[in-house]
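Reading through the structure tokens given below for one structure.
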Amino acid sequence: MSNAPLLKLSGMEQVFETKKGPVPAVGGVDLEVKPGKVLCLVGESGCGKTTTARAAAGLTKPTAGTVEFRGKNLAEMTAAERGQYRRAVQYIHQDPYAALNPTRTVFSTLSAGLKKHGIVKNRTEARAKAAELLQLVDLTPPESYLDSYPHQLSGGQRQRVNVARSLALNPDLLICDESTSMLDVSIRVSLLNTLGRLRDELDVGFLFITHDLAVAKYFAWDGEIAVMYLGKVVEHGPTPEVIGNPQHPYTKALIGAVCEPDPDLAKANRSAEQLRSAEIPSLRDLPAGCAFHPRCPAFEPGLCDAAEPPLQATPSRRKLSCHVVHRDLQRATPDATLTFDAVPGSRRPETESAL
Amino acid sequence: MSDPILSVRDLSIAYRTGRKESVTAVSGIDLDLYEGQSLALVGESGCGKTTLGLGLLRLLPNLGEITSGSLTYRLKDGSRADLLQMKKEPLRRFRWNEAAMVFQGAMNAFNPVIRIFDHFADTLRDHADGKKWTKAAVEARAGELLETVRLDPDRVLQSYPHELSGGMKQRALIALAIALDPQVLVLDEPTTALDLLTQRSIVQQLHELRKKFGFTMVFITHDLGLAAELADRVATMYAGRIIETGSARDIFYDPKHPYTAGLINAVMPVKGDRPALESIPGYPPSLKAMPDGCAFNPRCAFATDACKQDRVPLSLLTERPSGMDHSVACLHHDQVRLARSATDQLASFVEGESANV
Ligand SMILES: Nc1ncnc2c1ncn2[C@@H]1O[C@H](COP(=O)(O)OP(=O)(O)OP(=O)(O)O)[C@@H](O)[C@H]1O
Ligand SMILES: Nc1ncnc2c1ncn2[C@@H]1O[C@H](COP(=O)(O)OP(=O)(O)OP(=O)(O)O)[C@@H](O)[C@H]1O
Ligand code: SF4
Ligand code: SF4
Ligand SMILES: [Mg+2]
Ligand SMILES: [Mg+2]
């Protein structure tokens with residue numbers, strides 16, 4: 001039972017109609033989140049992470065493919081099932097400034113859902129529960145915050161109120177969209193530890209979007225990472241494998257761009273741009289073949305720009321879509337991973353061996 | 001050395017929270033910024049970074065007020081101006097022309113019913129004295145700026161804010177802030193919603209713009225990696241005060257305040273195995289109940305009775321030119337060492353590298 005996915009996206013597509021023509025923001029993704037597990041979604045700005053999350057949360061209807069929750073297709077749920085799903089799946093909006101109602105106090109925001117779902121009986125209980133939630137997200141003493149309005153809170157404080165609200169209904173699945181982005185490292189670690197307890201003790205599943213690979217690594221260590229590029233998943237596998245030994249040239253570039261808190265190292269690396277182009281192609285005019293080819297340092301004309309590489313399994317416990325990697329894998333048997341050193345894309349070859 | 005472009009003296013800022021109540025969010029800030037410098041402002045959530053940033057441009061919301069201090073700028077024409085004495089009209093001209101800000105929560109800073117093009121047109125027309133901004137001129141200028149932040153002007157200018165992703169809006173706002181070539185740019189968490197590749201490319205753009213136009217940057221960030229990359233100087237804030245300041249190298253390699261050291265120790269490395277991470281114990285104090293003495297004392301492993309008596313002022317550790325002095329507000333700074341082995345490794349790696357050359 002516990003291994004059946006909570007959330008399953010199959011062939012999910014989302015095309016937005018705009019004045020300037022259709023924008024295919026998500027071009028067919030297959031993803032699963034299991035109870036007590038984390039699936040991290042990473043990738044460049046505009047690659048479709050939020051769009052995927054919003055469809056998973058039932059906020060938008062995908063233009064193709066399905067979203068299933070506990071094996072039930074969202075599009076075919078009865079009103080009662082939908083109500084259930086709405087409580088069980090909580091989406092934490094990317095923008096904490098837009099997500100809070102400016103006319104409601106923190107208490108009123110936190111207690112709305114509690115009251116609606118009959119989790120608390122009266123105001124005293126509601127205040128106690130709200131205070132407990134604030135404590136979970138390190139907003140202490142809670143009395144200092146319960147009666148504040150959003151404009152009286154700092155960015156990171158708003159972000160934590162948003163997280164607290166999503167925890168109020170004891171969700172089974174949390175969809176977090178950059179939910180720790182405005183927190184300093186110390187509070188971030190503490191919040192991730194809180195979420196980690198929900199994951200480990202209450203079996204809450206997570207669809208976790210972050211641009212911070214250190215956060216992905218820390219929070220999804222026992223889970224998986226899916227790397228998206230222009231609306232598609234390009235590499236997907238267990239977190240330690242993908243972060244420690246990235247194989248898709250795009251993943252390598254992403255990991256190579258990490259800044260460490262070290263000024264000398266940062267200056268030494270500043271000039272080392274490993275992509276052929278910084279330009280992200282337009283979704284309305286995707287490059288032929290592999291969508292990454294105009295930027296890819298491992299690009300091979302004739303191979304990469306001919307057909308789209310399919311997302312295929314490799315022997316090294318992951319799926320990835322790259323013609324060159326798959327070809328080299330086939331050539332170099334049995335220990336194919338050795339050949340990946342030939343794929344450039346890591347800024348810091350010196351530290352690569354330590355990965 | 002020329003005089004600073006911005007001098008802040010004893011600046012304090014309070015928010016009214018009731019008819020007779022207010023909370024002090026920022027206290028006693030002294031700061032000199034020199035032309036072309038970039039200063040990173042770091043510190044825990046709620047410590048007053050945004051409040052200080054807004055204060056530097058007198059952009060505080062209605063209930064926020066500068067309660068003491070002075071803010072002196074050297075303007076583009078070489079004259080000096082006390083921002084706190086400035087009247088409404090000169091202040092309007094000052095903003096965006098002399099100094100501009102990229103707000104935190106940029107994603108929500110755009111008016112949802114106005115296309116991005118009109119945001120550029122309005123800003124350029126509102127703040128440019130005399131110059132005429134035709135549609136074509138706006139388009140050309142906006143296009144150039146959007147390309148700087150890796151956005152496709154064709155599509156973005158015609159879009160409404162909700163049609164852009166979080167990071168796209170953030171980048172559009174950076175482009176908007178530099179539209180009128182300000183001398184001072186305050187960026188509040190400019191890259192929170194941005195992936196590393198986009199971040200890196202914006203960092204590079206900011207470096208180039210800074211070289212080209214020589215503007216001075218204050219950027220507020222919780223991302224110490226970004227601070228290491230962008231900053232010449234770092235100031236750490238805690239509970240509304242600057243508690244340590246110095247060159248980026250001083251702060252990252254040899255922090256002397258236990259809180260700064262704690263922040264650096266808590267950085268999550270991407271490389272290597274998953275480490276067991278410690279957050280700094282305890283919570284930031286509530287503005288309504290500040291501890292006596294050093295505000296960090298309830299959480300500090302080095303605290304002694306002396307720390308609970310009087311407020312601990314910043315004192316000079318190492319003198320350096322151009323406002324880069326290393327100063328710290330801690331009675332026991334001589335006991336503070338960076339614990340994190342990863343940073344030690346990095347530091348020794350860097351040293352080893354240069355030794356080989
Ligand atoms: N309502 C909409 N109408 C038109 N285009 C849209 C709409 N919503 C999103 N898009 C486009 O879809 C693409 C993906 O957007 P999405 O918000 O999913 O990106 P993201 O990966 O979350 O990026 P970020 O990291 O910047 O938040 C972008 O190009 C965006 O402009
Ligand atoms: N309008 C207001 N009224 C009352 N208190 C306020 C107001 N705005 C901010 N505060 C309080 O002032 C303190 C400083 O807020 P500020 O936004 O400057 O923090 P910050 O350092 O930018 O934090 P973050 O990193 O979370 O954005 C916070 O404790 C906040 O709750
Ligand atoms: S298919 Fe070719 S262009 Fe695409 S990622 Fe692989 S090597 Fe690069
Ligand atoms: S002054 Fe005392 S309490 Fe404050 S940081 Fe230094 S040692 Fe800790
Ligand atoms: Mg997003
Ligand atoms: Mg802030």
Please go through the range B:74-106 and pick out each residue that is farther than 24 Å from B:TYR15 by Cβ and part of a strand (DSSP E or B).
B:ARG74, B:ARG80, B:ALA81
Residues that are over 30 Å from A:ALA257 (Cα atoms) and at pLDDT 95 or above, at least 1 per element: which strands (runs of 3 or more DSSP E) completely within the range A:1-75 meet that?
A:7-18, A:64-69
Mind telling me which of the residues B:GLY43, B:GLY36, B:GLY48 ends up being touching a Gly at 6+ places or on another chain (Cβ under 6 Å), within 12 Å of another protein chain (Cβ to nearest Cβ) and under 29 Å from B:SER315 (Cα atoms)?
B:GLY48
Identify all residues within the range A:241-261 that are within 16 Å of the chain's Cα centre (by Cα) and of a type outside the set (A, V, I, L, M); write none if there are none.
A:THR251
Could you please find all residues in the range B:276-301 being surrounded by fewer than 17 Cβ atoms within 10 Å (Cβ to Cβ), modelled with pLDDT of 85 or more and more than 30 Å from A:TRP221 (Cβ to Cβ)?
B:MET290, B:PRO291, B:ASP292, B:PRO298
Going by what's in this entry, would B:ALA248 be described as within 25 Å of the chain's Cα centre (by Cα), assigned by TED's automatic domain parsing to the domain that holds B:GLU189 and more than 15 Å from ligand 4 (Cβ to nearest atom)?
no
Out of all the residues in the range A:253-263, which are farther than 16 Å from B:MET268 by Cα and either within 16 Å of ligand 1 (Cβ to nearest atom) or surrounded by 24 or more Cβ atoms within 10 Å (Cβ to Cβ) (or both)?
A:ALA253, A:LEU254
Can you tell me which residue within the range A:156-182, out of those that are at the interface with another protein chain (Cβ under 10 Å from one of its Cβ atoms) and more than 16 Å from ligand 5 (Cβ to nearest atom), is nearest to A:PHE206 (Cα to Cα)?
A:ARG160
Residue in the range B:200-212 that is at pLDDT 85 or above and surrounded by fewer than 24 Cβ atoms within 10 Å (Cβ to Cβ) present
no
Flag for B:SER165 being within 16 Å of ligand 5 (Cβ to nearest atom), at the interface with chain A (Cβ under 10 Å from one of its Cβ atoms), closer than 30 Å to A:LYS20 by Cβ and at pLDDT 90 or above:
no
Quick one: which of B:PRO269, B:PRO255, B:PRO284 is more than 9 Å from every other protein chain (Cβ to nearest Cβ) and in a loop (DSSP other than H, G, I, E, B)?
B:PRO255
Quick check, is A:PRO249 away from ligand 4 (no atom under 16 Å from the Cβ), touching a residue at least 60 places away in the same chain (Cβ under 8 Å) and open to solvent by 10 Å² or more (accessible area, probe 1.4 Å)?
no
Determine which member of the set A:VAL242, A:VAL189, A:VAL204, A:VAL227 is in contact (Cβ under 8 Å) with a residue 12 or more places away in the chain, within 10 Å of chain B (Cβ to nearest Cβ) and either open to solvent by less than 10 Å² (accessible area, probe 1.4 Å) or over 22 Å from A:ALA56 (Cα atoms) (or both).
A:VAL189
Of all residues in the range B:14-35, which are free of Cβ contacts under 8 Å to residues at least 60 places away in the same chain and closer than 20 Å to B:CYS47 by Cβ?
B:ALA14, B:TYR15, B:ARG16, B:THR17, B:SER22
B:THR50 passes all but one of the listed conditions (1) open to solvent by less than 30 Å² (accessible area, probe 1.4 Å); (2) within 14 Å of B:ASP188 (Cα to Cα); the exception is number (1)
Identify the single condition in (1) within 14 Å of chain B (Cβ to nearest Cβ); (2) within 16 Å of ligand 3 (Cβ to nearest atom) that A:THR50 does not satisfy, given that it satisfies every other one.
(2)
How about the range B:224-233: which of its residues are modelled with pLDDT of 90 or more and either open to solvent by 10 Å² or more (accessible area, probe 1.4 Å) or facing another protein chain (nearest Cβ under 9 Å) (or both)?
B:ALA231, B:ASP232
Given B:ARG311, B:ARG320, which one is surrounded by fewer than 18 Cβ atoms within 10 Å (Cβ to Cβ), among the charged types (D, E, K, R) and within 16 Å of ligand 4 (Cβ to nearest atom)?
B:ARG311
Name the residue that is most open to solvent (accessible area, probe 1.4 Å), counting only residues in the range B:131-161 that are modelled with pLDDT of 90 or more and within 16 Å of ligand 1 (Cβ to nearest atom).
B:TYR160
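Conditions (1) within 14 Å of chain A (Cβ to nearest Cβ); (2) more than 21 Å from B:PHE219 (Cβ to Cβ), marked per residue:
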| residue | (1), (2) |
| --- | --- |
| B:LEU54 | yes, no |
| B:GLY69 | no, yes |
| B:ASP82 | no, yes |
| B:TRP96 | no, no |
| B:ALA99 | no, no |
| B:PHE103 | yes, no |
| B:ASN111 | yes, yes |
I'd like to verify a number: residues in the range A:78-104 that are assigned to a loop (DSSP other than H, G, I, E, B), touching a helix residue (DSSP H, G or I) at 6+ places or on another chain (Cβ under 7 Å) and either in contact (Cβ under 8 Å) with a residue 24 or more places away in the chain or open to solvent by 30 Å² or more (accessible area, probe 1.4 Å) (or both), how many?
5
Got a sec? Which of B:THR245, B:THR216, B:THR260, B:THR221 is in contact (Cβ under 8 Å) with a residue 24 or more places away in the chain and open to solvent by 10 Å² or more (accessible area, probe 1.4 Å)?
B:THR245
State yes or no: is B:GLU65 open to solvent by 10 Å² or more (accessible area, probe 1.4 Å), away from every other protein chain (no Cβ under 13 Å) and in a strand (DSSP E or B)?
yes
How do the helices (runs of 4 or more DSSP H) wholly within the range B:152-227 filter down when requiring 1 or more residues that are assigned by TED's automatic domain parsing to the domain that holds B:HIS119 and either closer than 18 Å to A:ILE255 by Cα or touching a strand residue (DSSP E or B) at 6+ places or on another chain (Cβ under 7 Å) (or both): which remain?
B:166-177, B:196-213
Name the single residue, out of those in the range A:276-331 being of a type in the set (D, E, K, R), part of a loop (DSSP other than H, G, I, E, B) and closer than 24 Å to A:ASN245 by Cα, that is least open to solvent (accessible area, probe 1.4 Å).
A:ARG295
Identify all residues within the range A:112-138 that are touching a residue at least 40 places away in the same chain (Cβ under 8 Å) and part of a helix (DSSP H, G or I); write none if there are none.
A:GLY113, A:LEU114, A:LEU136
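The values are calculated or read from the model by the stated rules, or taken from the named source; none is laboratory data. Every value quoted in this text rests on a predicted model; they were computed, and no experiment measured them. Heads up, the Cβs are rebuilt from the backbone with ideal geometry, glycines too, and the neighbour counts pull from every protein chain shown. Areas reflect the complete protein model, heavy atoms only, side chains present, ligands, DNA and RNA absent. Shrake-Rupley method; radii C 1.70, N 1.55, O 1.52, S 1.80 Å.
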